[in-house]
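Peer 1: Here you go, one structure.
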Amino acid sequence: MGEGEGPAVLIVTVEVAEEDVDELNRWYEEEHRPEKLSLPGYLSMRRYRAADGSPTFLAIYELDHPDAAAVPADGGSEMTGMKAVMAKWKRWDRAVWTELAPARDAGSR
């Protein structure tokens, strides 16, 4: 398997003001999670809150292929709600990571 051909993860970090945390959590759990997990290639999603430091929130989406992270041309049915929530984000980052094939043992040639 070459790089980029197999499993991948989408990593999203978000920083919001404390007064916007409840809205962020509601959106993720009631709108965003169900929307994403209904898309082809999205296998799971886990969220974390930082024990300290920033960014405050981390979401990890397990994908069957890196192309699954591509945003549909219409933005998906959640676009209106997403724009309202994202307008309050202080900082965020999004990156797709592909799984590396295990290194071959030099003695097993």
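The values are calculated or read from the model by the stated rules, or taken from the named source; none is laboratory data. These figures come from a predicted structure and were not determined experimentally. When we count neighbours, we look across all protein chains shown, and the Cβ atoms used for this are built from the backbone with ideal geometry, even at glycine. Areas reflect the complete protein model, heavy atoms only, side chains present, ligands, DNA and RNA absent. Shrake-Rupley method; radii C 1.70, N 1.55, O 1.52, S 1.80 Å.
Peer 1: Quick one: which residue in 59, 68 is touching a helix residue (DSSP H, G or I) at 6+ places or on another chain (Cβ under 8 Å) and either closer than 24 Å to residue 99 by Cβ or surrounded by 14 or more Cβ atoms within 10 Å (Cβ to Cβ) (or both)?
Peer 2: Numbers: 68 fails: touching a helix residue (DSSP H, G or I) at 6+ places or on another chain (Cβ under 8 Å).
Unique residue meeting the criteria: 59.
Peer 1: Please pick out the residue among 109, 46 that is under 29 Å from residue 5 (Cβ atoms), at pLDDT 95 or above and not hydrophobic (A, V, I, L, M, F, W, C).
Peer 2: 46
Peer 1: Next up: Six or more apart or on different chains, Cβ under 7 Å: which pairs go from a residue in region 15-34 that's touching a residue at least 40 places away in the same chain (Cβ under 8 Å) and open to solvent by 10 Å² or more (accessible area, probe 1.4 Å) to one that's part of a helix (DSSP H, G or I) and of a type in the set (Gly, Ala, Ser)? Could you list them?
Peer 2: So the pair list comes out as 31/81.
Peer 1: Here is a follow-up. Here is a list of conditions, (1) touching a His at 6+ places or on another chain (Cβ under 8 Å); (2) among the charged types (D, E, K, R); (3) part of a helix (DSSP H, G or I), and residue 5 meets all of them except one; can you say which number that is?
Peer 2: With respect to (1) touching a His at 6+ places or on another chain (Cβ under 8 Å); (2) among the charged types (D, E, K, R); (3) part of a helix (DSSP H, G or I), residue 5 is out only on (3).
Peer 1: Of all residues in region 35-46 being part of a helix (DSSP H, G or I) and not basic (Lys, Arg), which is least open to solvent (accessible area, probe 1.4 Å)? Don't jump to the end; show me each part of the working.
Peer 2: Here is the first cut: in region 35-46, the residues part of a helix (DSSP H, G or I) are 35-37.
Next, only the ones that are not basic (Lys, Arg) stay: 35, 37.
Working: 35: 40, 37: 69 Å².
So the residue we want is 35.
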